[in-house]
């Protein structure tokens, strides 16, 4: 049990690495949370620090989710969890990592919205499910240019994939956890939802800048 709790704590600490904040401070002498949308995530990093910094933050945040979720394999190998419940525990470890990203202990509990880290979690659970969610996000983003819309819909698609068994045999607790993750994504985007309703949400462009 002690090892299990230590690994859960490690999953949180991995998620808590404030990639955007540290990248901005170390290489640009700025805190991304003081500019743009004020969010410590990849999207705001793209806006404030540029494509290279944004790409690095995005990829590292995805890696955080994958790494934190994959810690489940250690408790599985140690016989701490039942292999039949592997999907459930992957969701637990992944959720803890995402919470670490949203509420990072290393950055005053002011983090990002957890989408990239959530993608890393999904990729650790099922690379095919991760690919479906990523493609869905890209399609919506290319059409409407709203990162928030693609992110929230991606969370809902993950729930659907879990419920359909696409990610593997899932019991009710596992499906419930996936629903909670989707709700959390919507919650972290509550400000974006209000901007969308008011018509003031910022757009981003994958292939070209706004004229």
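Ordering 101, 189, 145 from the fewest to the most neighbouring beta carbons within 10 Å gives 145, 189, 101.
Between the range 80-126 and the range 132-211, the alpha-carbon centres lie 16 Å apart.
Stretched out straight at 0.36 nm per residue, the stretch from residue 55 to residue 74 would grow longer than its current Cα-Cα span by 3.9 nm.
As a length-normalised measure over Cα pairs under 8 Å and 6 or more apart, the relative contact order of the range 2-198 settles at 21 percent. With the highest mean first, a sort of the peptides 114-120, 41-47 on other beta-carbon atoms found within 10 angstrom per residue produces 114-120, 41-47. With the helix formula -39500 (n - 2.57) applied to DSSP H stretches of n ≥ 4, the chain reaches a computed 222 nm mean residue ellipticity of -22500 deg cm²/dmol. Counted by neighbouring Cβ atoms within 10 Å, the residues 84, 31 run from fewest to most as 84, 31. The calculated FRET efficiency for the pair residue 27 and residue 109, based on their C-beta separation and a Förster distance of 30 Å, comes to about 0.80. Taking the chain as the reference, fit the longest principal axis to its C-alpha atoms, fit the long axis of helix 115-125 to the helix C-alpha atoms, and give the angle between the two in degrees, 0 to 90, nearest 10. So the helix axis and the longest Cα principal axis differ by about 30 degrees.
With q set to 0.10, 0.15, 0.16 Å⁻¹, the log10 of I(q)/I(0) for the chain, from the Debye formula over equal scatterers at the Cα positions, is -0.42, -0.92, -1.03.
Assuming a ≥ b ≥ c are the square roots of the Cα gyration tensor eigenvalues, decide whether the range 88-174 counts as rounded (a/c under 1.5), prolate (otherwise, with a/b larger than b/c) or oblate. Oblate, since a/c reaches 1.5 and b/c is not below a/b.
Expressed as an acute angle from 0 to 90° and rounded to the nearest 10, what is the orientation of the C-alpha long axis of helix 19-28 relative to the principal long axis of the chain? Around 40 degrees separate the two axes. The label-point distance for residue 135 and residue 2, in a model that sets each label 7 Å from Cα toward Cβ, rounds to 4.8 nm. Picking from 138, 196, 86, which is most flexible by a Gaussian network model of the chain using Cα springs under 10 Å? Among 138, 196, 86, the largest mean-square fluctuation in the Gaussian network model of the chain belongs to 196.
Counting beta carbons within 10 Å around each of 193, 14 and listing the fewest first gives the order 193, 14. Between the helical axis of 51-70 and the longest alpha-carbon principal axis of the chain there is an angle of about 10 degrees.
As a ratio to 2.2 N^0.38 Å, the alpha-carbon radius of gyration computed for the range 1-109 takes the value 1.19. For the chain, set up a GNM with springs between Cα atoms under 10 Å and report which of 190, 33, 110 has the largest fluctuation. Among 190, 33, 110, the largest mean-square fluctuation in the Gaussian network model of the chain belongs to 190.
FYI, it's all coordinate maths here, none of it is from the lab. As the structure is a computational prediction, the values presented were derived from the model and not from experiment. Note that we place each Cβ from the backbone using ideal geometry, even for glycine, and neighbour counts take in every protein chain shown.
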